[in-house]
Amino acid sequence: MKKVFISQPMKGRTKAELVSERYEILEAVVNYLDESVEELDNLFGDKYPDEKPLWHLGESLKLLSSADLVVFANGWKEARGCNIEHECAVRYEIPFIEAWELIGPCCENN
């Protein structure tokens, strides 16, 4: 079972939108890998709403360190946290893929 980290833009989006997108991505990852996966859940904004964005990024990077695969959701290039997560994946050689490669262009507006 692979541990999957999803990097997705969160600013201005509801938890329901984020969860829906994650579900779609995870389903596609299972099909892509042909095995079950464990999601490294970095949606902890509800638990720590008073923490600053940089604190959330730090917690996400801790999770990223244990990932077997990172999936970058559509729009990641415009999100500063996602850019940092991408840089970490590249520099620390954590395999990654972009969501559109798994799901296709139908979801580019998510």
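The values are calculated or read from the model by the stated rules, or taken from the named source; none is laboratory data. Please read all numbers here as calculations on a predicted model, not as lab measurements. FYI the Cβ positions are ideal-geometry reconstructions off the backbone, even for glycines, and counts take in every protein chain you see.
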### Query
Right, L61: more than 15 Å from I103 (Cβ to Cβ) and of a type in the set (A, V, I, L, M) or not?
yes
### Query
Is one or more of the residues making up the range 46-56 surrounded by 13 or more Cβ atoms within 10 Å (Cβ to Cβ), at pLDDT below 95 and acidic (D, E)?
yes
